[in-house]
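**Q** Below: one structure in structure tokens.
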Amino acid sequence: LQRAKGLLTQQERIRRSLVWDIGRQVLDAQTSAWISVGVVFKILMGAPAPLQVLALSDAARGMEKGGDEGYQEFKTAILNCFLFFCIEKLLQFSARVSMIHAEQSFTLRLQRRVYSKMLQQ
């Protein structure tokens, strides 16, 4: 039983090292950096949505007050909501651009490796 467990542990280490070797051959630092930037943008992309909801509730509260003060609060809340919407779309666009850049970098590196292997043969 102990020998079988040791063998399974050794096979798991070999499998992990193979996965890391393949990953290092295909992914370089630039591609990894672009993927990381894209993931950060994707995470940040979710932040403006709750703020938009708060801005809309502030707008409703401003409408409820009425008068000039209520109108000013309403106007400010709607402007904030629009700003949060724009920020969200900008983050979405940035995430897409960085992921596309990472994908192109990955594809070019993979193509170079495949072509070099073909030329070697």
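The values are calculated or read from the model by the stated rules, or taken from the named source; none is laboratory data. Not measured: the values here are computed from a predicted model. Heads up, the Cβs are rebuilt from the backbone with ideal geometry, glycines too, and the neighbour counts pull from every protein chain shown. Areas reflect the complete protein model, heavy atoms only, side chains present, ligands, DNA and RNA absent. Shrake-Rupley method; radii C 1.70, N 1.55, O 1.52, S 1.80 Å.
**Q** Which percent of Cα pairs goes in each bin when the distances of the chain are cut into 5 angstrom slices starting at zero?
**A** It works out to 2, 10, 11, 10, 9, 9, 9, 8, 8, 6, 5, 5, 4, 3, 2, 1, 0, in whole percents.
**Q** Starting at the first residue of the stretch 111-116, write each ³J(HN,Hα) from the Karplus equation 6.51 cos²θ - 1.76 cosθ + 1.60 with θ = phi - 60°, in whole Hz, x for Gly and Pro.
**A** Using θ = phi - 60°, the values come out as 4, 4, 5, 5, 5, 5 Hz.
**Q** Return the FRET efficiency for the residue pair residue 115, residue 83: r is the Cβ-Cβ distance, R0 is 41 Å, and the value is rounded to the nearest 0.05.
**A** Working: r = 48 Å, r/R0 = 1.16.
E(calc), rounded to 0.05, equals 0.30.
**Q** In sequence order, what are the phi-derived ³J(HN,Hα) couplings for the stretch 70-84 according to the Karplus relation 6.51 cos²θ - 1.76 cosθ + 1.60 with θ = phi - 60°, rounded to whole Hz, with x for glycine and proline?
**A** x, 5, 5, 5, 4, 4, 5, 5, 5, 4, 4, 4, 5, 4, 5
**Q** Ignoring ligands, DNA and RNA, how do 26, 114 rank by accessible area with a 1.4 Å probe, largest first?
**A** Accessible-area ranking of 26, 114, largest first: 114, 26.
**Q** If you don't mind, there's one more thing I want to ask. If one takes the longest principal axis of the Cα atoms in the chain, at what angle in degrees, from 0 to 90 and to the nearest 10, does the Cα axis of helix 2-26 lie?
**A** It works out to around 70 degrees.
**Q** Sorted by accessible area with a 1.4 angstrom probe, largest first, how do 14, 35 fall?
**A** On the way: 14 90, 35 65 Å².
Output order, biggest surface exposure first: 14, 35.
**Q** Using the basic label-point model (7 angstrom from Cα toward the beta carbon), what is the residue 100 to residue 12 distance in nanometres?
**A** 4.2
**Q** Return one number: the angle in degrees, 0 to 90 and rounded to the nearest 10, between the long axis of the Cα atoms of helix 29-44 and the longest principal axis of the Cα atoms of the chain.
**A** 30
**Q** Sort 68, 58 by accessible area with a 1.4 Å probe, largest first. Provide the component values of the computation, followed by the final result.
**A** Working: 68 130, 58 65 Å².
Accessible-area ranking of 68, 58, largest first: 68, 58.
**Q** On a 0 to 90 degree scale, rounded to 10, what angle separates helix 48-65 from the longest Cα axis of the chain?
**A** The two axes meet at around 10 degrees.
**Q** Can you show me the helix-derived [θ] at 222 nm for the chain, built from DSSP H runs with n ≥ 4 at -39,500 (n - 2.57) apiece and divided by the number of residues, rounded to the nearest 500.
**A** Details: 4 runs with 113 residues, N = 121.
Helices in the chain give a 222 nm mean residue ellipticity of -33500 deg cm²/dmol.
**Q** Related question: Give me the Debye-computed log₁₀ of I(q)/I(0) at q = 0.24, 0.29 Å⁻¹ for the stretch 41-81, equal point scatterers on Cα only, no solvent, two decimals.
**A** Result of the Debye calculation: -0.67, -0.84.
**Q** Along the Cα→Cβ direction, 7 angstrom out, place labels at residue 57 and residue 29. What is the inter-label distance in nm?
**A** 4.6
**Q** For residue 75, go through the lysines and keep the ones whose alpha-carbon is under 20 Å away, minus same-chain ones fewer than eight residues off.
**A** 65
**Q** Given the options 16, 109, 24, state which has the largest fluctuation in a GNM of the chain using a 10 Å cut-off (strictly under) for Cα springs.
**A** 16
**Q** Could you state how much accessible area residue 86 has, in square angstrom rounded to the nearest 10, with a 1.4 Å probe and all protein chains kept in place?
**A** Counting only protein heavy atoms, residue 86 exposes about 50 Å² to solvent.
**Q** State the extension gain, in nm to one decimal, for the chain segment bounded by residue 22 and residue 4, taking 0.36 nm per residue of separation less the distance between their alpha-carbons.
**A** On the way: separation 18, 0.36 × 18 = 6.48 nm, distance 2.70 nm.
Working it through step by step, the gained length comes to 3.8 nm.
**Q** Build a GNM of the chain with springs between Cα atoms under 10 Å: which of 19, 40, 97 gets the top mean-square fluctuation?
**A** 19
**Q** In percent, how large is the relative contact order of the chain, given Cα pairs closer than 8 Å and 6 or more residues apart? Don't skip to the end; give the middle numbers.
**A** Working: 87 pairs, mean separation 41.0, N = 121.
So the answer I get is 34 percent.
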